[in-house]
Amino acid sequence: MCGIAGIIYRDGAEHPIGTDMTRMLQSMKHRGPDSTGYALYRKPGDDYVMRYKLADANDARDYEFAERLERHRREVEARLVSLGATIEEVDFDTEYAFRMRFRYDGSLKDVADFVEDVPSAEVLSLGRALEIVKDLGDAETVSEQYQLEKITGTHAIGHVRMATESDVDISGAHPYWAYPFSDIAVVHNGQLTNYFMWRRRLERSGHRFQSECDSEIIAVYLAEKIEAGMELEEAMRASLDDLDGVFTYIAVTDRALGVAKDEMAAKPLVLYESDDLVALASEEIAIRAVIDHEIETYDPYEREVLVWKR
C-alpha cells in the first residue's frame, strides 16, 4: 500500500522540514510500518554531502561486526581522498549509517562507484542540497535515531513502506537518489508495467541501479531528461507517455518539487496549496499533521503534472 508525502516552502527560507516530514509520515504509519525514508533539501552549499551505509539494520552483530565496519569506514574515507576530495566532516548517524561532508571537483559517478567497491557500502544520496535518510521502523523511530528534528531546509519528500515483494531492509526503502545525478530523488506509489524495458534501456546508457524498485527507474529517467536540458515539469510530462502502469509519484530537485499522476489516477494523492507552502500526501491526515487551521484540499486530475519552486 505505502504512503508518500511532500512539502515545499515558497519563501525560500529554511524551515524545520525534518520535524514536518516526520509528522506527515507518522500520521500514515498504517500505510507502511516496515521502513520510513526522507529526502531532505537545504539550500545548496559549496560542499557535497554523502549519506551512505556500511551494513543493514538487520545484519547479524557477530564479534567482528564493529571491527569490520571501522575497517570499511576508513577505506571509504581513503578512497575519497585518493580521488582528490577534501573531507570536512564525518558524522555517525548509527553504527552502520554515515554522513560525510566534503569538497570535490570531479565526477559524482566516480565517487559513488569507487565508494561502493568497498564491501557492503551503499551510497544513499550525494549532492549539494539533498540528503536521504532511511531505515527500518516508523517515522518517529527513524527521526529519533537520526535526530531529524535538528534538520532545517526548504523542501522534502518522504515514504512509508509496506514490504510486499522484497525484504524489509534499508536497500528496499524509499526514496531513491537518481544515481549518478546530483540532488534528484523520487518517491512513488504504484507499479510500472514496463519496468524491465526501461531498466535495460537505462543500463545500456551506462546507469546502474541499487535495487529492483521501479521508483529508482523513475528517478534516473527524470534525471537523464534534465541532464539533456529539460526542466523538471517537461521531464515529468514526458514520463507520462513513456512510463506505463498505475502510479503517482513526487519528484524533487534542489530547486523544485513536482507531482505526476498516470492516466487512470487510481493511486491517491491530495494537495494543499497556500501562499506560504505546498503540502501533498497519500492521505489528507498527513497534511493536517502540519497545518494548524482549517484547510481545503483537492486531488490532481488524470495525467496532471504540477511543479512548484522554492
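The values are calculated or read from the model by the stated rules, or taken from the named source; none is laboratory data. Source: prediction; values computed, not measured. Methodologically, a virtual Cβ is constructed for each residue, glycine included, from the backbone with ideal geometry; neighbour enumeration extends over all protein chains shown.
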remark   = Matching residues in the stretch 97-125 (part of a loop (DSSP other than H, G, I, E, B) and under 14 Å from residue 75 (Cα atoms)) number 5
note = Restricting attention to the stretch 184-221, the residues that are out of contact with any helix residue (DSSP H, G or I) (no Cβ under 8 Å at 6 or more places or on another chain) and buried (at least 22 other Cβ atoms within 10 Å of the Cβ) number exactly 4
inquiry  = If I filter the stretch 80-112 down to residues being acidic (Asp, Glu) and in contact (Cβ under 8 Å) with a residue 24 or more places away in the chain, which single residue comes out as nearest to residue 207 (Cα to Cα)?
reply    = 110
message = Being in contact with a helix residue (DSSP H, G or I) (Cβ under 8 Å, 6 or more places away or on another chain), in a helix (DSSP H, G or I) and under 16 Å from residue 278 (Cβ atoms) is the filter here; which residues of the stretch 1-22 pass it?
response = 21
ask   = When both residues are 6+ apart or on different chains and their Cβ atoms are under 8 Å apart, which pairs have a first residue that lies in the stretch 29-54 and is under 23 Å from residue 116 (Cα atoms), and a second that is part of a loop (DSSP other than H, G, I, E, B) and of a type in the set (Lys, Arg)?
value = 47/128; 48/128; 49/128
inquiry  = in contact (Cβ under 8 Å) with a residue 60 or more places away in the chain, in contact with a strand residue (DSSP E or B) (Cβ under 8 Å, 6 or more places away or on another chain) and assigned to a loop (DSSP other than H, G, I, E, B): is that true of residue 290 in this structure?
reply    = yes
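State the number of residues belonging to the stretch 165-178 that are surrounded by fewer than 24 Cβ atoms within 10 Å (Cβ to Cβ) and either in contact with a helix residue (DSSP H, G or I) (Cβ under 8 Å, 6 or more places away or on another chain) or touching a residue at least 12 places away in the same chain (Cβ under 8 Å) (or both).
6
In the list 277, 243, 271, which residue meets the criterion of being in contact with a strand residue (DSSP E or B) (Cβ under 9 Å, 6 or more places away or on another chain), more than 16 Å from residue 186 (Cβ to Cβ) and either surrounded by 21 or more Cβ atoms within 10 Å (Cβ to Cβ) or without any contact (Cβ under 8 Å) to a residue 60 or more places away in the chain (or both)?
271
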query = From 29, 53, 43, which residue is among the charged types (D, E, K, R) and closer than 19 Å to residue 183 by Cβ?
reply = 43
inquiry  = Could you go through the stretch 61-79 and let me know if any residue there is more than 22 Å from residue 185 (Cβ to Cβ), in contact (Cβ under 8 Å) with a residue 24 or more places away in the chain and not in a helix (DSSP H, G or I).
reply    = no
remark   = Here the residues within the stretch 116-167 that are among the small types (Gly, Ala, Ser) and within 16 Å of residue 253 (Cα to Cα) are 125, 127, 129, 153, 156, 158
message = Which of the strands (runs of 3 or more DSSP E) found entirely inside the stretch 177-280 contain at least 2 residues meeting this: at pLDDT below 95 and over 22 Å from residue 44 (Cα atoms)?
response = 185-192, 245-252
query = Would you pick out the residues in the stretch 180-194 that are farther than 27 Å from residue 28 by Cβ and under 13 Å from the mean Cα position of the chain (by Cα)?
reply = 181, 182
query = Looking only at the stretch 97-110, which residues are in contact with a strand residue (DSSP E or B) (Cβ under 8 Å, 6 or more places away or on another chain) and at pLDDT below 95?
reply = 108
